[in-house]
Amino acid sequence: MAQKPEPPTTFVAHGASRLTDVEIDAYNEEISDKEGFVGDRASGRAFRAILETAREQVRKLDKDPIGEVASEEISKKQLDRLLVEGDAEAAGLVLGTIEEFAREFADVIRQFLRLKAWKNTERIVIGGGLRASRIGELAIGRTAVLLKTMDIDVELVPIRYHPDEAGLIGCMHLAPSWMFSGHDGILAVDIGGSNIRVGIVQLNTRKSGDLTKSKVVETELWRHADDAPDRDGAVEELVSMLKTMIKRANKGKLQLAPFIGIGCPGRIREDGSIEKGSQNLPGDWEQKSFNLPDLLRAAIPEIDGHEMIASMHNDAVVQGLSEAPFMSDVGHWGVMTIGTGLGNARFTNRKRAE
């Protein structure tokens, strides 16, 4: 019996496994071993823990060359400066941390590549907060070298956009491009364990004919971890930020498409609710009756006189999607985001009809 043709992608779904350009083979994978979740060994928290352990060992014999500040309170910029401008021992502590973190990260990647959904992965894009630093770039480079010494043939590349912007730009790929016809930009939301970022992504399709020239032209950040709101308070603040962006677009005469793309931690159900993985967000976001896209549609029913459509997917998926236009030279690729935890997603490029 002849196989039925696949239906076209003509709708916007939440947590979809098929998008216009890619199939999402897996995301938010949680691999466990005797030490716990494997991904926890390659997170921003893990990097700080490795640094703190090394400093504790030094303190047993001598003065800590980094000083008294706690490791979790040292910014990435400060660590970058220590690496370049600090005394030799302080730089040595940072270098040693990069080396040990890279070894852990290489082992994590090795275990991911054993998963059925991750087999034959040719390239892994590395995003997340740690990537936005020199120490992060060195950790990625050292991990790539270690994988080669382990005879693991996979390319590691830092995400090309700043991670803060990649999480917004990737939202464009949650909907088919025809939805944006005649418009200049979209509203995008990147929800994280510490921050919520809202922005306007300018499409620039009239110049390039595709989405490779898209850029973030307006952005606003709210660090909810400092304010500790409840869930309703977080949604209320998010709605306020989106309305502010709409006003800025109108003032700048930038015509927004009636679409809001949302990247959010966790596994996203088809109806827009969250199955699991949102434990770092304020309040219970996994309650089945809680549906963020529906709440946003109720608060912002129209954009530019048209009914608003919202689409939500996992935040690592969305950050990875920012690279989709540049992945035509490989068939299977993935993304790992080094932040509060280790976000992950694996993609297979879809063949376009001629």
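Out of Leu174, Leu211, report the one residue that is at pLDDT 90 or above and either among the small types (Gly, Ala, Ser) or out of contact with any Lys or Arg (no Cβ under 6 Å at 6 or more places or on another chain) (or both). Don't jump to the end; show me each part of the working.
Details: Leu211 fails: at pLDDT 90 or above.
Of Leu174, Leu211, the one residue that is at pLDDT 90 or above and either among the small types (Gly, Ala, Ser) or out of contact with any Lys or Arg (no Cβ under 6 Å at 6 or more places or on another chain) (or both) is Leu174.
Where in region 166-232 are there strands (runs of 3 or more DSSP E), lying wholly inside it, with at least 1 residues that are in contact with a His (Cβ under 7 Å, 6 or more places away or on another chain) and free of Cβ contacts under 8 Å to residues at least 60 places away in the same chain? Don't jump to the end; show me each part of the working.
Numbers: elements: 185-191, 196-202, 215-222.
The strands (runs of 3 or more DSSP E) meeting that bar are 196-202.
Quick one: which residue in Glu72, Glu104, Glu137, Glu122 is among the acidic types (Asp, Glu) and over 23 Å from Val317 (Cα atoms)?
Working: Glu104 fails: over 23 Å from Val317 (Cα atoms); Glu137 fails: over 23 Å from Val317 (Cα atoms); Glu122 fails: over 23 Å from Val317 (Cα atoms).
Glu72 is the lone residue from the list that is among the acidic types (Asp, Glu) and over 23 Å from Val317 (Cα atoms).
Kindly check whether there is at least one residue in region 169-182 that is at positive phi and not polar (S, T, N, Q).
Let us first name the residues in region 169-182 that are at positive phi, namely 182.
In the following step, the residues that additionally are not polar (S, T, N, Q) were identified as 182.
Yes, the conditions are met somewhere in region 169-182.
Results for (1) buried (at least 20 other Cβ atoms within 10 Å of the Cβ); (2) in contact with a Cys (Cβ under 7 Å, 6 or more places away or on another chain); (3) within 22 Å of Ala166 (Cα to Cα), shown as yes or no for each residue.
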{"position": "Phe259", "(1), (2), (3)": "yes, no, yes"}
{"position": "Glu270", "(1), (2), (3)": "no, no, no"}
{"position": "Lys276", "(1), (2), (3)": "no, no, no"}
{"position": "Trp285", "(1), (2), (3)": "yes, no, no"}
{"position": "Ser289", "(1), (2), (3)": "no, no, no"}
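Test Asn204 against the stated conditions and say whether it is more than 19 Å from the chain's Cα centre (by Cα) and either more than 23 Å from Ile126 (Cα to Cα) or modelled with pLDDT under 95 (or both). Let's see the steps before the verdict.
Details: more than 19 Å from the chain's Cα centre (by Cα): yes; either more than 23 Å from Ile126 (Cα to Cα) or modelled with pLDDT under 95 (or both): yes.
So Asn204 fits the description; yes.
The values are calculated or read from the model by the stated rules, or taken from the named source; none is laboratory data. The structure presented is a predicted model; accordingly, all values stated were derived computationally and were not measured. Counting neighbours? That spans all protein chains shown, and the Cβs are built from the backbone with ideal geometry, glycine included.
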